[in-house]
Amino acid sequence: MNVQMKKLPDGLFKNTVYRDTGNGFPVMLVHGFPVDGSLWDYQANKLKSFCRLLIPDLPGSGQSPFISGVTIESMANMLHDILLQEHIDRCILIGHSMGGYIALAFAEKYAQEIKGLGLYHSSAFPDTQEKKQGRTRSMAMMRQYGAGVFLRQMMPNLFGEKYRKNNKAALQTLIKGKEDADVNALSAYYEAMMKRPGRTNVLKQLTVPALFVIGKEDTSVPAADVLQQVALPAVSQVHLLSDAAHISMLEMPDIATCILEEFIHFCINYPFAEDNVVK
Ligand code: MLT
């Protein structure tokens, strides 16, 4: 894949790395926890023939330096910094899980700068008390035993049964590649996710198309929660995937590509895209 790895030159997120590849309408793909922008490699390699992809490594992930005190909202500002740096005034923004929480915060603050909003295994609901307690326990575990122990226990649960059974080696490789993850960065993401507000209002006010990709087996962002949100935007595309859990880009890569391709074309051609404010 002919990809330029670029860095933000200054500001709070100086040296944050992002991929820039392809030609056409700008599309930003934002990864979730605990991976990096390479999560989208398979799809990016296909989509780059008709759109321009900007794919960051969030601060503390992949090649981007960790910045203490990151919040979901500050990471949304970081996405905005990338657009400014590239002189892009509008993009289609698609976020996976935590990346979706960031995309929602971006849509709240920079509504005029999106031409479509995709939530890939993500949700506009805030953390439940139970989820917050689970994150607090996980942070204690990673501090005591290190990122490797935590990720070996946590990451298999992101995948559906079928994938876990048929892709044992790939899963081990993925987990192994993350074992050196910075505990400070992982904890900062959990803190950020715990503090984020619900953003169903963003969905209600959205006048560009929304995309919801939902895994029926997802235990991290349950289908039942997301299904309550799909009718909030004016226009939604919804994909409910029976054989996927939380990472369908890896679990069913060609279907994920198909979904993205269709949504991107739909957003580009969407007739009311200039009218981004509810009247
Ligand atoms: C993610 O994939 O980004 C996380 O699982 C999201 C979460 O824990 O809420």
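Summary of computed values
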| read-out | value |
| --- | --- |
| Residue that is least open to solvent (accessible area, probe 1.4 Å), among those in segment 18-50 that are over 16 Å from residue 249 (Cβ atoms) and assigned to a loop (DSSP other than H, G, I, E, B) | 22 |
| Filter result for the condition that a residue is in contact with a helix residue (DSSP H, G or I) (Cβ under 8 Å, 6 or more places away or on another chain) and assigned to a strand (DSSP E or B), over 12, 53 | 53 |
| Residue check, residue 217 at pLDDT 95 or above, on the phi < 0 side of the Ramachandran plot and either open to solvent by less than 10 Å² (accessible area, probe 1.4 Å) or within 16 Å of the ligand (Cβ to nearest atom) (or both) | yes |
| Answer from 166, 157 - the residue that is open to solvent by 60 Å² or more (accessible area, probe 1.4 Å) and in contact (Cβ under 8 Å) with a residue 12 or more places away in the chain | 157 |
| Pair list, Cβ under 9 Å, 6 or more apart: segment 115-126 residue more than 18 Å from residue 262 (Cβ to Cβ), other residue part of a strand (DSSP E or B) and at pLDDT 95 or above | 122/95; 122/96; 122/212; 122/213 |
| Evaluation of residue 30 against (1) more than 16 Å from the ligand (Cβ to nearest atom); (2) under 18 Å from residue 114 (Cβ atoms) (one fails), failing number | (1) |
| First in segment 171-183 and modelled with pLDDT of 90 or more, second anywhere and in a helix (DSSP H, G or I) and of a type outside the set (A, V, I, L, M, F, W, C), Cβ under 8 Å, 6 or more apart | 171/156; 171/163; 171/164; 175/152; 175/156; 183/143 |
| Residues (touching a residue at least 60 places away in the same chain (Cβ under 8 Å) and open to solvent by less than 40 Å² (accessible area, probe 1.4 Å)) located in segment 221-232 | 221, 226, 229 |
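Results for (1) in contact with a helix residue (DSSP H, G or I) (Cβ under 8 Å, 6 or more places away or on another chain); (2) in a helix (DSSP H, G or I); (3) of a type in the set (Lys, Arg), shown as yes or no for each residue.
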| residue | (1), (2), (3) |
| --- | --- |
| 176 | no, yes, yes |
| 214 | yes, no, no |
| 217 | yes, no, no |
| 224 | no, yes, no |
| 250 | yes, yes, no |
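The values are calculated or read from the model by the stated rules, or taken from the named source; none is laboratory data. Since we're looking at a predicted model, the values are computed, not measured. When we count neighbours, we look across all protein chains shown, and the Cβ atoms used for this are built from the backbone with ideal geometry, even at glycine. The accessibility values were calculated without ligands, DNA or RNA, using every heavy atom of the protein model including side chains. Shrake-Rupley method; radii C 1.70, N 1.55, O 1.52, S 1.80 Å.
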